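Structure, as C-alpha cells:
Derivation of every value follows stated rules applied to the coordinates shown; laboratory data play no part. Remember, it's a predicted structure, so these values are computed and weren't measured experimentally. Heads up, the Cβs are rebuilt from the backbone with ideal geometry, glycines too, and the neighbour counts pull from every protein chain shown.
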Amino acid sequence: MLPRKDLTLNILMVLAMLSWGLSWTNAKIVGQYGEAPLIMVWRFLLAAISIAPILKLSKARFRIDKKDILLILTNSVFMVSYNYFYFKGTQIGLAGAGGVLVTTLNPILTVIFVSTIFGTKIVNKDIIGFMLGLLGGALIIRIWEFDLISILRSGNLFFLLASLSWVCVTIVTSRSKDKTPYMTYSFWSFTFAFILSLPIAYNENLLLVFEFDWIFWINLLILSFIAMSFGTSIYFLASIELGPKQASAYIFMVPITAMGFAMIFLSEQLQLSTLIGGIFGISAVYLINR
C-alpha cells in the first residue's frame with residue numbers, strides 16, 4: 001500500500017491528467033477564435049494570476065533565489081515552445097489524435113532522454129510498460145493509415161515538436177528538487193512564459209479576446225485555471241517528488257480521456273482501436289509505477 005503522501009499525490013495526478021485530456025478539446029475550440037500566440041499570452045497570464053492568491057493564502061514565498069532563476073527561465077522557454085506547437089497542432093489537426101500522439105510519445109521520449117543524459121537504468125517492467133504505451137497510442141491513432149503527407153498536413157508535425165518540448169519541461173523541472181517550492185516554481189514559470197510569449201505575439205491585437213463570446217472564455221479559463229494552474233502545477237510536484245520517469249508515465253492516461261472528450265464535445269468517432277489502445281495505455285501506467 002502506498003504511503004498517504006504518495007496516495008494523495010497519485011490521486012491528484014489522476015485528476016490532473018483528466019484536466020489535460022479535456023484541454024485538447026478546449027484548445028481545439030479556442031483555436032477557432034484566434035492564432036496560437038494570442039491564446040498563449042492570455043493562457044500564461046491567467047494561469048499566473050490564478051496561482052498568486054494561493055501563494056499568498058498559503059504563506060508560501062514569492063521570492064526565488066538568483067541561482068534558481070536560470071532553471072525556471074529555461075523551463076519557461078520550453079513551456080512557450082510546447083504551447084505554441086500545441087495550439088498550432090490543434091488548429092490544423094484533430095484534438096483527440098493530438099492528445100494521443102503527444103501524450104504517448106512523452107513518457108517514451110522522457111525515459112530515453114533521461115537514460116541517455118543521466119545514465120538512469122531501465123528495468124524490464126519499464127520496457128514492457130513503454131512498449132504497451134507505444135502500442136496503445138499506435139492503435140488509437142490508427143498508425144497504419146498514416147503516411148508522410150498526412151503527417152505534415154494533419155498537424156502531427158506540430159504535435160511531435162510539442163512532445164519534444166514537454167520532455168524538456170519534465171527533465172528541467174525534475175532538477176528543481178530541494179530548490180524552489182513547486183507552487184512558487186509554477187508561478188514564476190507561468191510569469192516568465194507570459195513575458196517570453198509577448199514578442200511572439202507582437203502582430204496580435206491582445207485586446208481582441210474581449211470581443212469573443214462566452215464559449216471562448218469558458219474554454220480559455222479551463223485551459224488556464226484547471227489544465228495549467230492545477231494540472232501543470234501538480235505535474236511539476238510529481239516530477240520533483242516521483243522523478244521525471246514516473247511523472248511522465250501518468251501521461252499515458254491522457255490519450256483515452258482526450259479521445260473521450262473529443263468524442264463528446266467535437267463529435268469525433270469512437271473506434272474499437274481507441275478503446276483497446278486506451279486499455280494498453282492505462283496498463284502501461286500501472287507497470288511503470290508498480
Choice from MET17, MET228, MET263 with maximal GNM fluctuation in the chain (Cα, 10 Å cutoff): MET263
For the chain, built as a Gaussian network whose Cα springs stay under 10 Å, the top-fluctuating residue of GLY99, GLY278, GLY243: GLY243
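Defining a contact as two alpha carbons under 8 Å apart and six or more residues distant in sequence, what relative contact order in percent does the stretch 4-289 show? Present the calculation step by step, with values, prior to reporting the outcome.
On the way: 437 pairs, mean separation 116.4, N = 286.
It rounds to 41 percent for the stretch 4-289.
Just rank GLU35, GLU211, fewest to most, by other beta-carbon atoms within 10 angstrom. Present the calculation step by step, with values, prior to reporting the outcome.
On the way: GLU35 16, GLU211 9.
Least to most surrounded, the residues fall as GLU211, GLU35.
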³J(HN,Hα) computed for each position of the stretch 203-210 - Karplus, 6.51 cos²θ - 1.76 cosθ + 1.60, integer Hz, glycine/proline x: 8, 9, 8, 5, 7, 5, 4, 6
Inter-centroid distance (Cα atoms) of the stretch 212-242 relative to the stretch 18-86, Å: 8 Å
Estimated dipole of the stretch 4-289 in Debye, rounded to 20 [Cβ of Lys and Arg +1, of Asp and Glu -1, Cα centre]: 940 debye
Size-normalised alpha-carbon gyration radius of the chain, reference 2.2 N^0.38 Å: 0.95
